[in-house]
1. Out of LEU45, LEU37, which single residue is buried (at least 18 other Cβ atoms within 10 Å of the Cβ), hydrophobic (A, V, I, L, M, F, W, C), touching a strand residue (DSSP E or B) at 6+ places or on another chain (Cβ under 9 Å) and not in a loop (DSSP other than H, G, I, E, B)?
2. Among the residues of the range 66-83, is there at least one that is of a type in the set (A, V, I, L, M), free of Cβ contacts under 8 Å to residues at least 12 places away in the same chain, over 22 Å from LEU154 (Cβ atoms) and surrounded by fewer than 12 Cβ atoms within 10 Å (Cβ to Cβ)?
3. Scan the range 46-59 residue by residue and report those that are modelled with pLDDT of 90 or more and hydrophobic (A, V, I, L, M, F, W, C).
Amino acid sequence: MVTRGRRLQSRAGEKGGTATGPSPVDRARSGSKHHLLVDASGIPLAWTLTGGNRNDVTQLIPLLDRVPAVRGKVGRPRRRPDRVTADRGYDHDKYRRLLRELGITPEIARRKTEHGSGLGRARWVVERTFAWLHHFKRLLVRYDRRAEIHEAFLALGCCLVCFRRLERSF
């Protein structure tokens, strides 16, 4: 750290930043992980940014809490989905119980079972949204040291994905 003005700022040669951790793929490098919650058509509803070494399931409940209220029908606006479809990374009995207590039906593939559960028919929507987001090189490769800046670009990318989806529908 170097003192510049009144604040401590990182040097150009220092690596990493906040919300980074060892990559599960390449342990020599640190990286970040994007977590998304999308609707059935692939429009992002909530997103978070964590270090590359964080388990996916730790972000399940925070993502559900970040979903904004949905207006439309008369009465109290909905804040939670009816069901959540997720891959094996989210298979933990504790979180299945928490989802049921919130009134959400979990559709999560079980770990240590054969592939072919049929959830891939619904999971491809999330993977497609990740592909749309990673068309923005700034999100594909993290250049920013500060997590707030990278998360702001992630939010901007999600807004652009929403805008492009709405633009096509009109």
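1. LEU37
2. yes
3. Within the range 46-59, ALA46, TRP47, LEU49 meet the criteria.
The values are calculated or read from the model by the stated rules, or taken from the named source; none is laboratory data. Keep in mind that what you see is a predicted model, and the values were worked out from it rather than measured. Cβ sites come from the backbone with ideal geometry, for glycine too, and all protein chains shown count toward neighbours.
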